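The values are calculated or read from the model by the stated rules, or taken from the named source; none is laboratory data. Since this is a predicted model, take the numbers as computed values, not measurements. So basically every Cβ, Gly included, is an ideal-geometry build from the backbone, and we count neighbours across all protein chains shown.
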Amino acid sequence: MKKLNVSQYGKILFELTKDLRGEALNIAVYEFVCLVKKNQAWKKMSGIVEAFHLYTRKEEGRIDLTLISAKKTSPEIRAQIAKHFTGTVEFKLVEDVSLIGGIKVQSDNTIFDASIQTQLQKMKKTLV
């Protein structure tokens, strides 16, 4: 049998527990823990929990974005960025004084880089 990765375990845990409450939820979590133990994947548990949280947020239509900019971004700019995503957008704001200007937006493993620093580097490559 093929080994499961943390994302697959996270999805399994979500599917097992969605819409469950009380004792039914306790039983489902217990059975999941037994599966993880049986598959000798206990060392992956922190990654599995993270994958579960990410999958849950995705299924609920919640999107986490990290905004990286030289200075604090205004609510208007955040609203403009949020329009480009479907679902409920939650922002983590990071100030990076090393940026000349512009903004970087990170969603999961994707970075949208609209910083002036990157634009200048692209221009330099074009000119050289």
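Just one of the numbered conditions (1) of a type in the set (Phe, Trp, Tyr); (2) more than 16 Å from the chain's Cα centre (by Cα); (3) surrounded by 11 or more Cβ atoms within 10 Å (Cβ to Cβ) is not true of residue 30; which one?
(3)
Those residues that are exposed (fewer than 15 other Cβ atoms within 10 Å of the Cβ) and closer than 14 Å to residue 5 by Cβ, I need them from region 50-66; list them, please.
Listed by number, the list holds a single entry, 50.
From the list 38, 2, 58, 11, pick out the single residue that is charged (D, E, K, R) and either in contact with a Phe, Trp or Tyr (Cβ under 9 Å, 6 or more places away or on another chain) or modelled with pLDDT of 95 or more (or both).
Details: 38 fails: either in contact with a Phe, Trp or Tyr (Cβ under 9 Å, 6 or more places away or on another chain) or modelled with pLDDT of 95 or more (or both); 2 fails: either in contact with a Phe, Trp or Tyr (Cβ under 9 Å, 6 or more places away or on another chain) or modelled with pLDDT of 95 or more (or both); 58 fails: either in contact with a Phe, Trp or Tyr (Cβ under 9 Å, 6 or more places away or on another chain) or modelled with pLDDT of 95 or more (or both).
That would be 11, the only listed residue that is charged (D, E, K, R) and either in contact with a Phe, Trp or Tyr (Cβ under 9 Å, 6 or more places away or on another chain) or modelled with pLDDT of 95 or more (or both).
Within region 71-89, is even one residue in a strand (DSSP E or B) and surrounded by 17 or more Cβ atoms within 10 Å (Cβ to Cβ)? Write out each step before concluding.
Step one: filter region 71-89 for residues in a strand (DSSP E or B), giving 88-89.
In the following step, the residues that additionally are surrounded by 17 or more Cβ atoms within 10 Å (Cβ to Cβ) were identified as 89.
Yes: region 71-89 contains one or more residues that are in a strand (DSSP E or B) and surrounded by 17 or more Cβ atoms within 10 Å (Cβ to Cβ).
Could you go through region 9-21 and let me know if any residue there is loosely packed, with under 14 Cβ neighbours inside 10 Å and of a type in the set (A, V, I, L, M, F, W, C).
Keep residues of region 9-21 that are loosely packed, with under 14 Cβ neighbours inside 10 Å, which gives 15, 18-21.
This time we only want the ones that are of a type in the set (A, V, I, L, M, F, W, C), so: 20.
Yes, there is a match, as at least one residue in region 9-21 is loosely packed, with under 14 Cβ neighbours inside 10 Å and of a type in the set (A, V, I, L, M, F, W, C).
For region 90-112, what are the residues that are among the charged types (D, E, K, R) and surrounded by 15 or more Cβ atoms within 10 Å (Cβ to Cβ)? Lay out the reasoning, then the answer.
So the first thing to find is which residues in region 90-112 are among the charged types (D, E, K, R), and the list is 90, 92, 95-96, 104, 108.
Passing the criteria: only 104.
How many residues does region 79-97 contain that are more than 14 Å from the chain's Cα centre (by Cα) and in contact (Cβ under 8 Å) with a residue 24 or more places away in the chain?
Pass one, region 79-97, residues more than 14 Å from the chain's Cα centre (by Cα): 79-84, 86, 93-97.
Those left that are additionally in contact (Cβ under 8 Å) with a residue 24 or more places away in the chain: 81, 86, 93-97.
The total comes to 7.
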